[in-house]
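S.K.: For reference, the structure I am asking about is given below.
All of the numbers you see were taken from the coordinates with simple rules; none came from a lab. Note that the coordinates shown come from a computational prediction; the quantities given were computed from them, not determined experimentally. Glycine gets a Cβ as well: all are built from the backbone with ideal geometry, and neighbour counts include every protein chain shown.
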Amino acid sequence: RRKLQSSSPDAPFIITGDFNHCSLSSTLPSFKQMLKCPTRGKRIIDLFYTNIKDGFYSSALPPLGNSDHNLVLLRSRYTPAVQKQPVTFRTMRVWTEEACETLRGCFECTDWSVLVCC
């Protein structure tokens, strides 16, 4: 763990699982528990630790099949910069067919050899 963190200090790290009577807060003080919803009955026994502060939010879903643990939906709080920027509208003019024909005629009459280097 320390080797990974020191070689890639800005990399996101996630530790997850069913930890029985275990808190990683003292072992990994820079990691935060992201689950805020119950995972079994009214208790949070499944943990999701990450070094990404406020990176996710969680919501409980019903258990799958005969499981006694709830499913947990984790969603990223990250919003891509593209979605943060206001939408830009541009007006484009469409050329008439007559204008296109005029341009084609100009291209056909142009001496392109003056632009080509030998």
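S.K.: Filter the trypsin sites (Lys or Arg not before Pro) in the stretch 35-64 to those in DSSP coil with at most 11 other Cβ atoms within 10 Å of their Cβ, and list the result.
M.R.: Taking the stretch 35-64 and a limit of 11 other Cβ atoms within 10 Å, the loop trypsin sites (Lys or Arg not before Pro) found are K42, K53.
S.K.: Round to the nearest 10 and give me the degree value, 0 to 90, for the angle of helix 97-109's Cα axis relative to the longest principal axis of the chain.
M.R.: Value to nearest ten degrees: 70.
S.K.: If you filter the stretch 80-118 for chymotrypsin sites (Phe, Trp or Tyr not before Pro), then keep DSSP loop positions with at most 14 other Cβ within 10 Å, what is left?
M.R.: Within the stretch 80-118, the qualifying chymotrypsin sites (Phe, Trp or Tyr not before Pro) (loop, at most 14 other Cβ atoms within 10 Å) are F89, W95.
S.K.: At 222 nm, what helix-only mean residue ellipticity would the chain give, in deg cm²/dmol to the nearest 500, using -39500 (n - 2.57) for each DSSP H run of four or more? Each step should come with its number before you reach the end.
M.R.: On the way: 3 runs with 23 residues, N = 118.
Computed mean residue ellipticity for the chain: -5000 deg cm²/dmol.
S.K.: Still on this structure: Please give every one of the aspartates and glutamates within straight-line cross-link reach of K36, meaning a C-alpha to C-alpha distance under 15 Å, and leave out same-chain neighbours fewer than 8 residues apart.
M.R.: Straight-line reach from K36, under 15 Å: D18, D46, D54.
S.K.: Okay, next question. Along its principal axes, what span do the Cα atoms of the chain show, with the longest given first and each in whole Å?
M.R.: 84, 38, 28
S.K.: Here's something else I'd like to know. Picking from P12, P86, P63, which is most flexible by a Gaussian network model of the chain using Cα springs under 10 Å?
M.R.: Comparing P12, P86, P63 in the GNM, the peak value goes to P86.
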